[in-house]
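Worksheet: one structure, shown below.
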Amino acid sequence: AVISTAIVALVAIIATLDATGPVIMATTTAEDRMLLLQTFLACQLLISLPVASILEDRASQAANALHREQTLRSEAEKARRQAELANRKLSIAAARDDLTGLFTRTRIIQKLEKLIERHADKDTPLTVAIFDIDHFKMVNDRFGHIAGDEVLRAIGQIARDAMPRRFEIGRIGGEEFMLLLPGQAVETAAGYAEQLRLAVMTLSGQQAQCGVTISVGMTEARMGDTVKTMMRAADLALYAAKSSGRNQLKRAA
C-alpha cells in the first residue's frame, strides 16, 4: 500500500512538472497546476491513512490469532502430557494389587506369557513357583480379616525384599502367589524359593502370633509349555507340598 501510493504520487509529480497528464487538461497556469497537484497528493494521503490503519488492524489481528494458536497448541500439548501421565498412573494402578503391592493376576500372567516366548526363542531356562499361605482360613477365623490382610501385606513386602529385582512376583488368588524366575533352572531357583519360605517364618509382631508359613510348588519350562501347562504343573507340586505336611517346597515331576 505504501509503495503503490508513492508510485502514484511520483508519477503525478513527474507528469505535472513535465506539463503532461490530466492536470494539464484542468488548468493552464503553473500555479493552478501546482495547487491541483498538492490537492491530489493530499487526497492520496487521506486515502492512504485509513488503508494503513486497516492493514495495521489486520496485522494486529493476525498476530493475536497466531498468539492464540500458539497458546492453544501449548495448552493442547500440556493436556496431552497430563493425559499420558494419567494413563500411565492408571496402567500402573491396574497392574498392582492394592493390598500387597505385587502384580495382579492378569499382569503376572502376561509377563509369564512373554517369558515363555523368550524361553522358546532363546532356549533359556525359566522356572515358575506358586506358593500360598498355609491354613490362611484359620488365620482369618482366629485373628480376623484385618489381621489376615496384614499377613498378606507382610508377605508381599517380604517377597519384594527377599527376591532379586529381575524376578517377578504377583498375587494370583486370595492367599496364592506366583513367582517367575527367568534365567534360572529349577535347581537354582529352588534356593531362592527356599530363601523366601524361610524369610516368611521370620515374621514378627502380630503376624508371628498367627504362625504364618508357606508351601511352594515349582516347575521348569519345557519345550511346548504354555501358561496353562506351567501353572498346572506348579499347582500340582504345590498340592504335593501341602499333602506332605505344608511349610515346604516341592518340584513338579
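The values are calculated or read from the model by the stated rules, or taken from the named source; none is laboratory data. Bear in mind that the values here come from a model prediction, so they are computed numbers and not experimental data. A quick note on method: Cβ atoms are made from the backbone with ideal geometry, for glycine too, and the neighbour counts reach across all protein chains shown.
Just a few scattered comments:
- Residue count for the stretch 156-179 under the criterion of being farther than 13 Å from residue 97 by Cα, touching a strand residue (DSSP E or B) at 6+ places or on another chain (Cβ under 8 Å) and of a type in the set (Val, Ile, Thr): the result is 0.
- Residue in the stretch 217-225 that is without any contact (Cβ under 8 Å) to a residue 60 or more places away in the chain and over 34 Å from the mean Cα position of the chain (by Cα) present: yes
- Within the stretch 133-152, residues that are closer than 20 Å to residue 196 by Cβ sit with their Cβ atoms under 6 Å from residues that are surrounded by fewer than 17 Cβ atoms within 10 Å (Cβ to Cβ) and of a type in the set (Lys, Arg), at 6+ positions apart or across chains, in these pairs: 134/246.
- Residue among 111, 122 that alone is in the same structural domain as residue 229 (by TED's automatic domain parsing) and more than 30 Å from residue 198 (Cβ to Cβ): 122
- Qualifying residue in the stretch 116-125 (condition: over 20 Å from residue 239 (Cα atoms), in contact (Cβ under 8 Å) with a residue 12 or more places away in the chain, touching a Ser or Thr at 6+ places or on another chain (Cβ under 6 Å) and of a type outside the set (Gly, Ala, Ser)): no
Here's the yes/no breakdown for (1) closer than 28 Å to residue 147 by Cβ; (2) at pLDDT 90 or above; (3) not aromatic (Phe, Trp, Tyr):
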site	(1), (2), (3)
203	yes, no, yes
219	no, yes, yes
222	no, yes, yes
228	no, yes, yes
232	no, yes, yes
241	yes, yes, yes
246	yes, yes, yes
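- Scanning the stretch 176-185 for residues that are surrounded by fewer than 20 Cβ atoms within 10 Å (Cβ to Cβ) and more than 17 Å from residue 122 (Cα to Cα) yields a single hit, 176.
- Index of the failed condition, residue 212 passing every other in (1) outside any helix (DSSP H, G or I); (2) more than 32 Å from the chain's Cα centre (by Cα); (3) within 22 Å of residue 117 (Cα to Cα): (3)
- If you go through the stretch 83-133 and keep only what is of a type in the set (Val, Ile, Thr), surrounded by 14 or more Cβ atoms within 10 Å (Cβ to Cβ) and not in a loop (DSSP other than H, G, I, E, B), you end up with 108, 109, 116, 127, 128, 130, 133.
- Test set (1) surrounded by 20 or more Cβ atoms within 10 Å (Cβ to Cβ); (2) at pLDDT below 95; (3) under 30 Å from residue 120 (Cβ atoms) - residue 210 fails condition number: (3)
- Boolean, residue 173 is in a loop (DSSP other than H, G, I, E, B) and at positive phi: no
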